[in-house]
């Protein structure tokens, strides 16, 4: 879809912001301070008012659903916070997708998923099947315990699979599946692909499309699933691959730019840097993923870089 050319026509980002505001203001805990922030947002650009007016009309249509439709909506949103459910419906309507088929869109599902983490949060979920799934920062999953499967919509997970159940444990994404033939593996959405890495035993990684569909992976082996098929990548250290689930980033001669990129997964305000300026700098060590100050202190002690702080902005530069 082409970007809007009319300066008053809302972009997708503005539509999502308007949906958030509609959901917030319809929630009983909104207060005067939040209302003031909303007023500033509304006055910032004409497209904001256009988008919010559309959201208000959509919210009104949802409130006027007949009994059958309202029951269906209530069932769909069971066990989700009311504000999160309304937000998902508004996003659908604002994008012109108000219909049941659109509920499978990752953009929508992340807002009403069975389990979610905020940026900087890592959380383990013990399933009724006795399997354990650990969600990385800013991740969202749906769980189907009857089929012993997890649908990853955003971010990454580590699955630790219980032995003895005859059913396969499966993690699904938009690009394919990872089926456990053993005990532990990670799955991460990476742009338009999915990265599967094995920690213990074996995993069968299969792409939904492409010439070469499936690869059976052993510990340390990694595959990317995308529209061209399944591709094996360079091996990794299984301990380092799983370290994020314990709150650590383990680097072994890893380029500094990649270290900062990984630390940024857990930060609301990313560390700024210029990749070209840091080229040629690598480091090894273990860094706490949720304690940015300690990680930056270790980096600046080990490499010829300086950390500049200005208000809430942090920049890493070469000395």
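Please indicate, with yes or no, whether at least one residue in segment 207-215 is touching a strand residue (DSSP E or B) at 6+ places or on another chain (Cβ under 9 Å) and at positive phi.
yes
Within segment 233-264, can you find the residues that are part of a helix (DSSP H, G or I) and within 16 Å of residue 190 (Cβ to Cβ)?
241, 244, 258, 261, 262, 264
Within segment 200-212, is there a residue that is touching a residue at least 24 places away in the same chain (Cβ under 8 Å), surrounded by 15 or more Cβ atoms within 10 Å (Cβ to Cβ) and either touching a helix residue (DSSP H, G or I) at 6+ places or on another chain (Cβ under 8 Å) or outside the structural domain of residue 178 (by TED's automatic domain parsing) (or both)?
Checked against the condition, which is being touching a residue at least 24 places away in the same chain (Cβ under 8 Å), surrounded by 15 or more Cβ atoms within 10 Å (Cβ to Cβ) and either touching a helix residue (DSSP H, G or I) at 6+ places or on another chain (Cβ under 8 Å) or outside the structural domain of residue 178 (by TED's automatic domain parsing) (or both), segment 200-212 yields at least one hit.
When only residues in segment 303-316 that are modelled with pLDDT of 90 or more and not in a strand (DSSP E or B) count, which is surrounded by the fewest Cβ atoms within 10 Å (Cβ to Cβ)?
For segment 303-316, the residue satisfying everything is 304.
Filter segment 282-302 down to the residues that are touching a strand residue (DSSP E or B) at 6+ places or on another chain (Cβ under 6 Å) and within 20 Å of residue 119 (Cβ to Cβ), then identify the one that is surrounded by the most Cβ atoms within 10 Å (Cβ to Cβ).
Per the criteria, the residue is 295.
Look at residue 194 and say whether it is modelled with pLDDT under 95 and either crowded, with 20+ Cβ neighbours inside 10 Å or farther than 30 Å from residue 314 by Cβ (or both).
no
Among the residues of segment 242-259, is there at least one that is without any contact (Cβ under 8 Å) to a residue 24 or more places away in the chain and over 24 Å from residue 121 (Cα atoms)?
No, there is no match, as no residue in segment 242-259 is without any contact (Cβ under 8 Å) to a residue 24 or more places away in the chain and over 24 Å from residue 121 (Cα atoms).
Can you tell me which residue within segment 109-136, out of those that are touching a helix residue (DSSP H, G or I) at 6+ places or on another chain (Cβ under 8 Å) and modelled with pLDDT of 95 or more, is surrounded by the fewest Cβ atoms within 10 Å (Cβ to Cβ)?
124
I'd like the residue in segment 140-180 that is assigned to a loop (DSSP other than H, G, I, E, B) and in contact with a strand residue (DSSP E or B) (Cβ under 6 Å, 6 or more places away or on another chain) and, out of all such residues, is surrounded by the fewest Cβ atoms within 10 Å (Cβ to Cβ).
Top of the filtered list is 168.
Could you please find all residues in segment 126-138 being under 21 Å from residue 238 (Cα atoms) and under 18 Å from the mean Cα position of the chain (by Cα)?
Within segment 126-138, 133, 134, 135, 136, 137 qualify.
Out of curiosity, is residue 24 assigned to a helix (DSSP H, G or I) and modelled with pLDDT under 75?
The answer is yes for residue 24.
Assuming residue 197 fulfils every condition listed in (1) outside the structural domain of residue 135 (by TED's automatic domain parsing); (2) in a strand (DSSP E or B); (3) touching a helix residue (DSSP H, G or I) at 6+ places or on another chain (Cβ under 7 Å) apart from one, which condition is it?
Going through (1) outside the structural domain of residue 135 (by TED's automatic domain parsing); (2) in a strand (DSSP E or B); (3) touching a helix residue (DSSP H, G or I) at 6+ places or on another chain (Cβ under 7 Å) one by one, residue 197 breaks only (1).
Looking at residue 230, is it assigned by TED's automatic domain parsing to the domain that holds residue 134, in contact with a strand residue (DSSP E or B) (Cβ under 6 Å, 6 or more places away or on another chain) and either surrounded by 14 or more Cβ atoms within 10 Å (Cβ to Cβ) or not in a helix (DSSP H, G or I) (or both)?
Yes.
The values are calculated or read from the model by the stated rules, or taken from the named source; none is laboratory data. Here the structure is a predicted model, which means the values were calculated and not measured. Here Cβ is always computed from backbone atoms with ideal geometry, including for glycine, and neighbour counts include all displayed protein chains.
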